[in-house]
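The structure appears right after this line, and notes come after that.
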Amino acid sequence: MEAISKTSKIEKIIKLALVTIVGTIIITISAKVKIPFYPVPMTMQTFVILLLGITLGPKIGLATVTLYLIEGIFGLPVFANSPEKGVGLIYFTGPTMGYLIGFLVAVYFAGLFKYDKGPINTFTKLLFSVSFIYIFGLIWLGTLIGWDKPIFKLGAQPFLLAELFKLLLLLFLIPILLKVKKLIKIT
């Protein structure tokens, strides 16, 4: 009986590690799909961060994003403009740091919410979750480049229409994502 329990725990740990690593790979790919903007590139990362939160839940989603950030801080070229614009801690503390930290809060809330109360309620939850990426991003951007600059115009406004599209796409994908969540259930 105890051998079965240990085997089950080991299988669970392996599954968790694989899901987390695959999640970081998906985030990395989404970071490389970009439309150049200054000072922050537009990528598919916000879409993937919410998608991972929905499918993996708050704890595993948070672990996945944390591992992704650690990979980038330690020099793996996982971020949107790496290796072209640098790698590691120096890149991490650049203009996108606030957005990257916002990923942690966004994935947590996206994973925490229940999505069974209709499309308006679901859209509101997605909007709430993604807003933390922009809040943290704008705060860091203002701190980094100066509050005398048009922070909102540089760090949020160009992305809002694309963000709306990503949220609407997620809204329609929620039923599929919830089925995937049941399939990869780890806890």
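Of note, L161 does not satisfy the criterion of being in contact (Cβ under 8 Å) with a residue 40 or more places away in the chain and not in a loop (DSSP other than H, G, I, E, B).
Taken together, G94, G98 contain a single residue that is in contact (Cβ under 8 Å) with a residue 24 or more places away in the chain, part of a loop (DSSP other than H, G, I, E, B) and not basic (K, R), which is G94. The one condition from (1) within 19 Å of the chain's Cα centre (by Cα); (2) under 23 Å from E71 (Cβ atoms); (3) loosely packed, with under 14 Cβ neighbours inside 10 Å that F172 does not meet is (2).
Could you please give the count of residues in segment 133-187 that are aromatic (F, W, Y) and over 13 Å from Y99 (Cβ atoms)? First the steps, then the outcome.
Applying the first criterion (aromatic (F, W, Y)) to segment 133-187 yields 134, 136, 140, 147, 152, 159, 165, 172.
Narrowing further to those that are over 13 Å from Y99 (Cβ atoms): 147, 152, 165, 172.
Looking only at that region, the number is 4.
Does P58 satisfy the condition of being surrounded by fewer than 17 Cβ atoms within 10 Å (Cβ to Cβ), out of contact with any strand residue (DSSP E or B) (no Cβ under 7 Å at 6 or more places or on another chain) and within 19 Å of L170 (Cβ to Cβ)? So P58 passes the test. Listed conditions (1) crowded, with 21+ Cβ neighbours inside 10 Å; (2) at positive phi are all met by F159, apart from (2). Taken together, the criteria exclude L183 from residues that are closer than 16 Å to F47 by Cβ and either of a type outside the set (D, E, K, R) or modelled with pLDDT of 95 or more (or both).
Within segment 112-148, track down each residue that is of a type in the set (S, T, Y) and part of a helix (DSSP H, G or I). Please lay out each step first, then the result.
Within segment 112-148, the first condition is being of a type in the set (S, T, Y), and the residues that meet it are 115, 122, 124, 129, 131, 134, 143.
Hits for segment 112-148 are T122, T124, S129, S131, Y134, T143.
Being of a type in the set (A, V, I, L, M), assigned to a loop (DSSP other than H, G, I, E, B) and either touching a helix residue (DSSP H, G or I) at 6+ places or on another chain (Cβ under 6 Å) or within 25 Å of L127 (Cβ to Cβ) (or both) is a condition met by at least one residue of segment 70-88. The condition (being of a type in the set (V, I, T), within 18 Å of S30 (Cβ to Cβ) and without any contact (Cβ under 8 Å) to a residue 60 or more places away in the chain) is satisfied by just one residue among V130, V107: V107.
Considering segment 86-118, the residues that are under 14 Å from L177 (Cβ atoms) and not hydrophobic (A, V, I, L, M, F, W, C) include one that is farthest from the chain's Cα centre (by Cα), namely D116.
The values are calculated or read from the model by the stated rules, or taken from the named source; none is laboratory data. Keep in mind it's a predicted model, so treat the numbers as computed, not measured. Note that each Cβ is placed from the backbone with ideal geometry, even for glycine, and that neighbours are counted across all protein chains shown.
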